[in-house]
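This report refers to the structure that appears directly beneath it.
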Amino acid sequence: QVQLVESGGGLVQAGGSLRLSCAASRRTLSDYAMGWFRQVPGQEREFVARIDRLLNTYYAGSVKGRFTISRDNAKVYLQMNSLKPEDTAVYYCAAGSGLRPGITRGDYDYWGQGTQVTVSS
């Protein structure tokens with residue numbers, strides 16, 4: 001079992017930046033492909049970015065060029081720049097085996113509780 005904990009969310013003005021972090025309790029993340037998703041109340045949880053064990057990355061079109069996913073053995077990060085009000089959501093990190101593409105919820109086995117990101121206009 002992998003327990004994931006996100007941090008770094010908060011309130012920021014449009015155009016600002018935030019850096020989210022995700023760590024695993026009692027385990028290293030090096031064995032997993034990692035992803036970030038986000039969810040707005042009443043909407044489906046949507047893919048944001050993923051990074052595999054070889055550091056290959058993939059982004060949703062809505063964040064490409066603004067967000068950067070990275071990782072080390074202990075944590076996975078999401079650097080979010082040029083934030084927009086439509087980026088407001090609860091952000092979740094997820095861990096999976098990496099055997100699946102990693103762009104849908106079903107590709108991941110473990111999830112964090114989420115961290116709120118609010119971008120004001």
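The values are calculated or read from the model by the stated rules, or taken from the named source; none is laboratory data. Quantities reported herein were computed from a predicted structural model and do not represent experimental measurements. Methodologically, a virtual Cβ is constructed for each residue, glycine included, from the backbone with ideal geometry; neighbour enumeration extends over all protein chains shown. With ligands, DNA and RNA removed, areas are computed over all heavy atoms of the protein, side chains included. Shrake-Rupley method; radii C 1.70, N 1.55, O 1.52, S 1.80 Å.
Would you pick out the residues in region 8-42 that are without any contact (Cβ under 8 Å) to a residue 24 or more places away in the chain and assigned to a loop (DSSP other than H, G, I, E, B)?
Listed by number, the residues that qualify are ARG26, ASP31, PRO41, GLY42.
What tally of residues in region 32-49 results from selecting those that are within 17 Å of TYR110 (Cβ to Cβ) and open to solvent by 50 Å² or more (accessible area, probe 1.4 Å)?
Here the count works out to 0.
Find all pairs meeting these conditions: Cβ atoms under 6 angstrom apart; at least six residues apart or on different chains; first residue within region 69-87 and outside any strand (DSSP E or B); second residue of a type in the set (D, E, K, R).
ASN81/ARG66; SER82/ARG66
Considering every residue within region 52-59, establish whether at least one is touching a Leu at 6+ places or on another chain (Cβ under 9 Å), part of a strand (DSSP E or B) and more than 20 Å from VAL119 (Cα to Cα). Talk me through it step by step, then tell me what you get.
In the first step, residues of region 52-59 are kept if they are touching a Leu at 6+ places or on another chain (Cβ under 9 Å); the result is none.
No, every residue in region 52-59 fails to be touching a Leu at 6+ places or on another chain (Cβ under 9 Å), part of a strand (DSSP E or B) and more than 20 Å from VAL119 (Cα to Cα).
What's the total number of residues in region 91-112 that are touching an Asp or Glu at 6+ places or on another chain (Cβ under 9 Å) and either of a type in the set (Gly, Ala, Ser) or under 24 Å from ARG66 (Cα atoms) (or both)? Lay out the reasoning, then the answer.
Filtering region 91-112 for residues touching an Asp or Glu at 6+ places or on another chain (Cβ under 9 Å) gives 91-102, 105, 112.
Now restrict to residues that are either of a type in the set (Gly, Ala, Ser) or under 24 Å from ARG66 (Cα atoms) (or both): 91-98, 101-102, 105, 112.
The qualifying residues number 12.
Go through GLY61, GLY65 for me and flag whichever is open to solvent by 50 Å² or more (accessible area, probe 1.4 Å), at pLDDT 95 or above and either of a type in the set (Phe, Trp, Tyr) or at positive phi (or both). Outline the logic, then answer.
Details: GLY61 fails: either of a type in the set (Phe, Trp, Tyr) or at positive phi (or both).
Unique residue meeting the criteria: GLY65.
Can you name the residue in region 88-121 that is part of a strand (DSSP E or B) and aliphatic (A, V, I, L, M) and, of all such residues, is surrounded by the fewest Cβ atoms within 10 Å (Cβ to Cβ)? Spell out how you get there, then give the answer.
Narrowing region 88-121 to residues part of a strand (DSSP E or B): 89-96, 110-112, 115-120.
Imposing the further condition that a residue be aliphatic (A, V, I, L, M) reduces the set to 89-90, 94-95, 117, 119.
Details: ALA89: 22, VAL90: 18, ALA94: 25, ALA95: 23, VAL117: 21, VAL119: 20.
Looking at residues that are part of a strand (DSSP E or B) and aliphatic (A, V, I, L, M), I get VAL90.
Go through (1) out of contact with any Phe, Trp or Tyr (no Cβ under 9 Å at 6 or more places or on another chain); (2) over 21 Å from VAL2 (Cβ atoms); (3) among the small types (Gly, Ala, Ser) for GLY65 and report which single condition fails.
(1)
What's the number of the condition SER17 fails, among (1) of a type outside the set (Asp, Glu); (2) more than 16 Å from VAL2 (Cβ to Cβ); (3) open to solvent by less than 50 Å² (accessible area, probe 1.4 Å)?
Failing condition for SER17: (3).
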